[in-house]
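**Q** Okay, here's the structure, questions in a sec.
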Amino acid sequence: MKPRILLIGSSGQVGHELAGILPRAGEVVVPDRAAFDLTRSSDVARIIHDTHPQIIVNAAAYTAVDLAEKEPEKARAINAEAPAAMAAAATELNALLVHYSTDYVFDGSKDSPYAEDDPTNPLNVYGQTKLDGENAIRDSGCRHLILRTAWVYATRGKNFLLTILRLASQREELRIVSDQIGAPTWAHEIARATSSMVERHAAAAAGDTPPTGTFHVTAGGTTNWHAFASAIVQEAAKLPGANPWLNAALGGRTIVTKRITPISTADYPTPAHRPAYSVLSNERLTQSYHLQLPEWRDQLKAALASV
C-alpha cells in the first residue's frame, strides 16, 4: 500500500512541482492553505495529526531574504518554529519528514563546494532561521531528509528568471552582480529528485530503510548571477515570438536589452548580506541515492522548453 503523503506549501515554486510529481510515490494530501497558519505551531500540529501521514513534505518557507531583516519574528515562525512543530508531530507518528533548506546557512568564505557537514555560519536572518529549522528537526530525533538547495527558480511565481525577463523588456542595459557564485536550480528538478527519494522510502521493506539526514540537491556546474542573466536572455531569444508564456513574462513587450553589465556586490547593496560562494557538493546525494541533477545551463534550457 502506498503511503499517505502530506504536502505543505504546494503553492510555492517547488511545492507546485511536487504536487504534480509526488502522486507517483503515494496518496498526496494537500491541506487548504486557508485552514491553517504556518506562524502558529498549534495549527501545524493539528493539520498533521488530522491527516496522520506516513510522510510529511514541507515545501513552505519564508523566502523574502531582504524583508526578513525587517520581519525576523515572522521568518523565524515559518522557517524554524513551524518545522519544529512538524518534527515533533513526525516523531509522535513515526513519520518521515522531508524539509528544504538553503545554501544561505553557509557564509560563502569557502572556495570549493560545501559538503553537508561543513561548518555553518549564516550571514542574514533568513539563513539563520533556516538553520534553526534544520537544527530543530535534527534535535527532535524524527526520521528526516533535510534537502539543501540554492538559487531556485521556476517558470511561475517570483524568481530571478522572471525578474530578468521583465527587466529585459524594459531596459537596454541590465547591471547584474557577477561576484556571487552558485548553481541556479530549476524547481522541477528539485521536485523530481525529492520524489525519487520519497519513492525509495515508500517502497523500502522493514529493516531496509534508505539513508536519512542532510543532503545537498542543486544543479551541476557553477556560474554567477551576471552569467545566469545573460544565459536567460540568450535562451529566451530563441523561443518563438508567439510563445504565450514568454509573451506574459515580457508583459506583452519584446526584449530590448542590448548590454548586460557585470557589477560587484558592493555596487548593489541589499539589506541582507549574501554569501559570495554558494556552491554545494552533491556527492552524498549521488552516493546514497544515485541521483545527479543536470548542469545548470541544461536545466535552464529544459525549463524554457517546457513552457
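The values are calculated or read from the model by the stated rules, or taken from the named source; none is laboratory data. No experiment lies behind these values; they were computed from the predicted model shown. Counting neighbours? That spans all protein chains shown, and the Cβs are built from the backbone with ideal geometry, glycine included.
**Q** Select from segment 44-73 the residues that are over 17 Å from PRO31 (Cβ atoms) and either crowded, with 20+ Cβ neighbours inside 10 Å or under 19 Å from the mean Cα position of the chain (by Cα) (or both) and list them in ascending order. Let's see the steps before the verdict.
**A** Start the filter on segment 44-73 by keeping residues that are over 17 Å from PRO31 (Cβ atoms), which leaves 62-73.
TYR62, THR63, ALA64, VAL65, ASP66, LEU67, ALA68 - these are the residues of segment 44-73 that are over 17 Å from PRO31 (Cβ atoms) and either crowded, with 20+ Cβ neighbours inside 10 Å or under 19 Å from the mean Cα position of the chain (by Cα) (or both).
**Q** Right, ALA219: in contact with a helix residue (DSSP H, G or I) (Cβ under 6 Å, 6 or more places away or on another chain), within 12 Å of ALA168 (Cα to Cα) and buried (at least 18 other Cβ atoms within 10 Å of the Cβ) or not? Quick ask: steps written out before the conclusion?
**A** Numbers: in contact with a helix residue (DSSP H, G or I) (Cβ under 6 Å, 6 or more places away or on another chain): yes; within 12 Å of ALA168 (Cα to Cα): no; buried (at least 18 other Cβ atoms within 10 Å of the Cβ): yes.
So ALA219 does not fit the description; no.
**Q** Related question: For segment 10-43, give me each residue that is of a type outside the set (Ser, Thr, Tyr), touching a residue at least 40 places away in the same chain (Cβ under 8 Å) and either surrounded by 22 or more Cβ atoms within 10 Å (Cβ to Cβ) or part of a loop (DSSP other than H, G, I, E, B) (or both).
**A** Across segment 10-43, the qualifying residues are GLY12, GLN13, VAL14, GLY15, GLU17, LEU18, LEU22, ALA25, GLY26, LEU38.
**Q** What number of residues within segment 194-213 satisfy the criterion of being at pLDDT 95 or above and surrounded by 19 or more Cβ atoms within 10 Å (Cβ to Cβ)?
**A** Selection size over segment 194-213: 4.
**Q** For the list (1) over 15 Å from ALA87 (Cβ atoms); (2) crowded, with 24+ Cβ neighbours inside 10 Å, I need the number of the one condition that GLY157 fails.
**A** Answer for GLY157: the failing condition is (2).
**Q** For segment 250-279, which residues satisfy the criterion of being in contact with a strand residue (DSSP E or B) (Cβ under 8 Å, 6 or more places away or on another chain) and more than 28 Å from LYS70 (Cα to Cα)? Don't jump to the end; show me each part of the working.
**A** Kept after step one, since they are in contact with a strand residue (DSSP E or B) (Cβ under 8 Å, 6 or more places away or on another chain), are these residues of segment 250-279: 257-265, 267-268, 276-279.
The answer is THR257, LYS258, ARG259, ILE260, THR261, PRO262.
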